[in-house]
Number of protein chains: 2
Amino acid sequence: MSKTSCARERIPPIACRACDLNTICRLTGLVAYEGGRPRQPTGALRTLRPGAALFRAGAPASALFAIRQGTIKLTRVTAEGDERIVSFHTPGEVLGLEAFSMGAYVCDAIALEPVQCCELPLPLFSDRTAQRAEIAAALVQLLSRAVAIRPDFARGSARERVMNFLLDLSQRYAERGLDASELRLSMSRLEIANLLDTRIETVSRTLQQLNREQVIHVRGNRVRLVNAASELAMAANERSA
Amino acid sequence: MSKTSCARERIPPIACRACDLNTICRLTGLVAYEGGRPRQPTGALRTLRPGAALFRAGAPASALFAIRQGTIKLTRVTAEGDERIVSFHTPGEVLGLEAFSMGAYVCDAIALEPVQCCELPLPLFSDRTAQRAEIAAALVQLLSRAVAIRPDFARGSARERVMNFLLDLSQRYAERGLDASELRLSMSRLEIANLLDTRIETVSRTLQQLNREQVIHVRGNRVRLVNAASELAMAANERSA
DNA sequence: TGCTTTACTTGACCTACGTCAATTTAGAAG
DNA sequence: CTTCTAAATTGACGTAGGTCAAGTAAAGCA
């Protein structure tokens with residue numbers, strides 16, 4: 001599947017405190033708060049090999065998931081039968097929020113690399129515990145953030161799409177406290193092209209072009225943002241929509 | 001602003017029971033349930049003239065809004081200073097859900113026609129009433145639906161974009177119990193082009209093309225879906241993503 | 001009713017990107 | 001190390017849709 005040399009450059013799991021699910025985990029008693037150290041949660045922990053599915057579109061929704069390590073792609077299958085990538089997700093992000101309204105998941109969630117993630121079974125949220133109101137409030141918070149922030153990569157020129165994609169990745173790195181200018185692309189060019197609604201050749205050409213212009217520095221799946229800051233200002237407002 | 005002959009073809013307000021906010025309105029005691037008849041809610045009712053703003057991006061978020069009548073566009077301003085349309089909203093839909101996580105609204109909400117909408121001040125949701133858990137649950141439901149259903153019109157060929165746009169409108173008509181094949185476009189060609197990330201000439205040409213092929217029947221801002229059902233099956237899975 | 005303005009349509013031309021095809025590069029296996 | 005395979009790059013060429021420009025129709029107003 002994805003080649004991604006994972007064996008040697010394995011990145012440690014994200015700390016619970018940097019995870020979007022943190023508040024909810026604590027409220028549901030799933031994990032003891034660890035004050036900063038990455039620590040094994042007490043709840044169900046799932047591991048996936050590259051290419052394995054965390055859940056499938058149409059499967060009854062049973063839990064929320066938080067990514068601890070690795071990257072997951074959300075995909076749908078078009079009427080013509082080909083895969084369409086909806087989004088990529090990195091450590092600290094929560095999947096399966098549609099569970100509260102749909103009976104089933106709406107996308108396939110596929111690991112791009114070795115993935116580790118926490119599972120919060122839905123029944124946790126229907127229990128009539130004393131904390132329920134607090135949990136609900138935290139959920140409302142989480143969901144509200146998810147509706148507000150919707151990057152849209154299938155807009156503008158190929159160059160804008162690629163830049164927006166890289167800058168979005170960079171921003172997410174930064175939000176989790178990682179180096180925002182040194183990216184490791186865990187997805188293939190084909191998967192990027194799919195997300196951006198363009199072609200693999202266009203992604204390749206555009207990356208090389210940006211490389212030649214010294215805006216970025218590309219080498220395989222490693223990308224360093226060099227003069228992207230200037231383009232950043234330009235594209236920043238575009239990304240969130 | 002938008003021309004839209006509104007004086008004569010005024011459409012009556014939507015019934016509360018067909019509104020996404022219905023459950024929440026009842027729980028917050030804002031409106032007495034009316035069992036089906038469209039009835040004036042007891043809460044704050046706002047009216048807007050075409051071109052007027054319900055709220056602006058960056059303004060402190062103070063309330064949730066439900067559209068009773070008319071169409072609203074959500075827009076953002078790009079770094080280059082031009083407007084980008086994020087979505088159009090029709091009666092029964094709820095605006096401002098980002099309020100629970102952001103302190104401010106993230107888009108401008110502009111009326112395309114005379115608009116009437118209900119306002120639910122945010123303080124309603126922070127009151128520690130006995131119902132609070134139920135209200136929160138209803139909110140989670142509403143938000144969860146909003147994250148699950150994300151049409152994406154800036155993908156594929158011009159023809160696909162236009163069809164997806166029309167079919168999405170049609171579907172929303174249907175969901176509120178209106179005739180799904182007889183559409184009245186309350187937005188200009190320019191606004192459609194903006195949403196679809198294409199040009200006004202392309203929208204025009206594509207509509208005329210579809211008209212020639214008898215897939216739809218266009219006459220100004222009235223569109224009848226004729227043989228769209230066949231294309232519908234094809235595009236149905238595309239729309240929601 | 002005609003006049004003015006703005007929205008929409010249509011045509012001609014051009015370019016960014018898609019398509020097809022040939023290399024080159026980089027992991028994986030031996 | 002070499003071989004094998006899949007991913008990525010690069011080139012040549014065609015086309016959907018962007019751009020520019022000229023009509024046409026319809027809404028608002030005297």
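Quick notes on this one:
- Sole residue being at pLDDT 90 or above, charged (D, E, K, R) and either more than 16 Å from DNA strand D (Cβ to nearest atom) or closer than 16 Å to B:Glu113 by Cβ (or both), chosen from B:Arg49, B:Arg10, B:Arg26, B:Arg68: B:Arg49
A quick yes/no check of all residues on (1) within 13 Å of another protein chain (Cβ to nearest Cβ); (2) surrounded by 21 or more Cβ atoms within 10 Å (Cβ to Cβ); (3) under 12 Å from the mean Cα position of the chain (by Cα):
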| residue | (1), (2), (3) |
| --- | --- |
| B:Thr47 | no, no, no |
| B:Leu54 | no, yes, no |
| B:Cys107 | yes, yes, no |
| B:Glu119 | no, no, no |
| B:Ala138 | yes, no, no |
| B:Ile149 | yes, no, no |
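- Selection within the range B:158-182: residues that are charged (D, E, K, R) and under 15 Å from the mean Cα position of the chain (by Cα). The member of this set that is surrounded by the fewest Cβ atoms within 10 Å (Cβ to Cβ) is B:Glu175.
- Here is the figure for the range B:188-198: residues that are in contact with a Leu (Cβ under 9 Å, 6 or more places away or on another chain) and either more than 14 Å from DNA strand D (Cβ to nearest atom) or of a type in the set (S, T, N, Q) (or both) total 2.
- Boolean, B:Ala104 is more than 28 Å from A:Tyr105 (Cβ to Cβ) and small (Gly, Ala, Ser): yes
- Test result for B:Ala137, aliphatic (A, V, I, L, M) and within 16 Å of DNA strand D (Cβ to nearest atom): no
- Yes/no for A:Leu112 being within 11 Å of another protein chain (Cβ to nearest Cβ), on the phi < 0 side of the Ramachandran plot and in contact (Cβ under 8 Å) with a residue 24 or more places away in the chain: no
- Of all residues making up the range A:158-174, the number that are of a type in the set (Asp, Glu) and within 14 Å of chain B (Cβ to nearest Cβ): 1
- Every test in (1) surrounded by 17 or more Cβ atoms within 10 Å (Cβ to Cβ); (2) within 12 Å of chain B (Cβ to nearest Cβ); (3) over 25 Å from B:Arg76 (Cα atoms) is passed by A:Arg155 save one, and that test is (3).
- Taken over the range B:183-201, the criterion of being more than 6 Å from DNA strand C (Cβ to nearest atom) and more than 21 Å from the chain's Cα centre (by Cα) is satisfied by B:Arg199 alone.
- For A:Ser204, the conditions (1) modelled with pLDDT of 95 or more; (2) under 21 Å from B:Val140 (Cα atoms); (3) over 18 Å from the mean Cα position of the chain (by Cα) are fulfilled apart from (2).
- For the range B:43-83, the tally of residues that are in a strand (DSSP E or B), under 18 Å from B:Pro12 (Cβ atoms) and of a type in the set (S, T, N, Q) stands at 2.
The values are calculated or read from the model by the stated rules, or taken from the named source; none is laboratory data. The structure displayed is predicted, hence computed values, not measured ones. Please note: Cβ atoms are built from the backbone with ideal geometry, for glycine as well, and neighbour counts cover all protein chains shown.
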